[in-house]
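Values in this text are rule-based calculations from the coordinates and carry no lab data. Keep in mind it's a predicted model, so treat the numbers as computed, not measured. Heads up, the Cβs are rebuilt from the backbone with ideal geometry, glycines too, and the neighbour counts pull from every protein chain shown.
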Amino acid sequence: MTTEKDVEFKFRKNIKEDVRPWGKFRSFPHKQARSIKIITINPGQALSLQYHNHRSEFWVVLDKDLEVTVGDEVWRPEAGEEIFVSQKSPHRLHCLGEHPARVMEIWIGDSDESDIVRLEDDYGRT
């Protein structure tokens with residue numbers, strides 16, 4: 001049986017970093033991904049506190065001033081921080097800054113937009 005730790009390990013193991021004279025790039029295992037998107041959160045706004053039954057997510061924080069909730073942990077990550085969100089783990093993004101903040105999100109697992117279980121939502125969605 002594959003555990004969430006196995007899923008995370010396999011995904012992270014396949015991230016490749018290549019150093020070049022001008023800097024570096026990180027290549028993510030897109031063949032494992034069901035979706036890759038950039039999420040933009042407006043100032044003062046938050047996504048639902050939610051979880052997913054059929055996917056895990058891998059986030060790369062692109063901008064500062066975000067508050068991240070994953071499980072019982074709440075913190076303000078640095079730009080460039082990489083975060084694994086396990087399947088069925090409650091999570092949320094909240095923009096605390098004066099400018100929109102972005103996260104690159106990679107879905108790991110067979111899922112679609114309907115795989116959202118909202119626990120709390122500022123907009124009255126269920």
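Note on ALA79 and ARG125: the model spin-label points, each 7 Å out from Cα along the C-beta direction, lie 2.7 nm apart.
The string of couplings for the range 79-85 from the Karplus curve (6.51, -1.76, 1.60, θ = phi - 60°) is 4, x, 5, 10, 10, 9, 10 Hz, one whole number per residue in order, with x for Gly and Pro. If you wrap the tightest convex hull around every Cα atom of the range 34-120 and split its volume per residue, you get 79 Å³. When GluC sites (Glu not before Pro) are flagged only if DSSP places them in a loop and at most 11 other Cβ atoms lie within 10 Å, the longest unflagged stretch of the chain comes out as 1-77. Over the chain, dividing the summed -39,500 (n - 2.57) contributions of all DSSP H runs of at least 4 residues by the number of residues returns a 222 nm mean residue ellipticity of -2500 deg cm²/dmol. Between ILE116 and ASP6, the distance separating the two model label sites (each 7 Å from Cα on the Cα→Cβ line) works out to 3.0 nm.
Shown in residue order for the range 10-26 are the 3J(HN,Hα) couplings computed by the Karplus curve 6.51 cos²θ - 1.76 cosθ + 1.60 at θ = phi - 60°: 4, 5, 4, 4, 8, 6, 10, 10, 10, 8, 10, x, 8, x, 7, 9, 10 Hz (x for Gly and Pro).
From the cross-link list LYS10/LYS37; LYS5/LYS64; LYS24/LYS88, which pairs have alpha carbons spaced over 23 Å apart? Beyond 23 Å between Cα atoms: LYS5/LYS64; LYS24/LYS88. If I model a spin label at LYS64 and ILE39 as a point 7 Å from the Cα along the Cα→Cβ vector, what separation in nanometres do I get? About 2.2 nm separates the two model spin labels. The length gained by stretching the chain between LYS88 and ASP18 to full extension, at 0.36 nm per residue less their Cα-Cα distance, is 21.9 nm. Phi angles of the range 100-114 translate, via the Karplus equation with coefficients 6.51, -1.76, 1.60 and θ = phi - 60°, into HN-Hα couplings of x, 10, 10, 9, 8, 10, 10, 7, 10, x, 7, 7, 9, 4, 6 Hz per residue; Gly and Pro are given as x.
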